[in-house]
1. For region 164-204, which positions are exposed (fewer than 14 other Cβ atoms within 10 Å of the Cβ), hydroxyl-bearing (Ser, Thr, Tyr) and either in contact (Cβ under 8 Å) with a residue 24 or more places away in the chain or within 16 Å of residue 99 (Cβ to Cβ) (or both)?
2. Within region 141-152, track down each residue that is buried (at least 17 other Cβ atoms within 10 Å of the Cβ) and out of contact with any strand residue (DSSP E or B) (no Cβ under 7 Å at 6 or more places or on another chain).
3. State all residues of region 66-103 that are without any contact (Cβ under 8 Å) to a residue 40 or more places away in the chain and of a type in the set (S, T, N, Q); if no residue qualifies, say none.
4. Do you know which residues across region 71-84 are polar (S, T, N, Q), in a loop (DSSP other than H, G, I, E, B) and modelled with pLDDT under 90?
Amino acid sequence: MTLQKIKQKVHDGFTLLEMIVVVGIIGILLLVAVPAISNYYTNSRLNSANSDAKVLFNSMQTVMQEYEFSERSAKESFFYGTAKTGDLFMVGKNGSIEKYYINATDATTANFTTADKIGAGTNPASATVGGRLIRLYPDYKTTSWCIYVKDYRVLGVVAASASDSHFVGGYPLKAAVKNDTSVIGTSTIGNLSVSTMKAYCTRAWA
């Protein structure tokens, strides 16, 4: 190998200055890209949760219309009894209706119906509320949600991928940011109460 070739081989590659410039450019790109990717991820999760809430809202409204139509000539309502008017608060988790309050407050559980009629188990009968929702909402078993109904009319729904998820969506009032307490009044569905859900529905229709 000649001396000229040895010198040429030694000088192949990047100089220290070039390496510093490249590292600086990569750092700038990361500063721009990481927040953008994070925002995209957050917005995607929130949009998905808001979309789930809207589908559940429409599905539950269909269910309530079915009950209202079938009970027009009946002496009492499946949900509200002889008055045929009242509130319905339901929470779903892990593919089942975890709790439901009918004409009740946070402190009471004045249920007119029974758990088997509501369809509170993981495999509800097709004629129950849970069974009807499964038919209309494909993600029923993988979504946590809360629904508030008054006089057969759905006033609000919030939904998330899990009861402890901080990406909670709503309908008709949608969540805009993670932990959007201005929408549901709490950071997770697991913390929702009857009074909190009523307040959400009041804001949604204000």
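1. 195
2. Hit for region 141-152 is 152, nothing else.
3. Scanning region 66-103 gives 70, 73, 77, 82, 96, 103.
4. Matches in region 71-84: 82 only.
The values are calculated or read from the model by the stated rules, or taken from the named source; none is laboratory data. Because the structure is predicted, anything quoted here is derived from the model rather than measured. Using ideal geometry, Cβ is built from the backbone for each residue, glycine included, and neighbour counts are taken over all protein chains shown.
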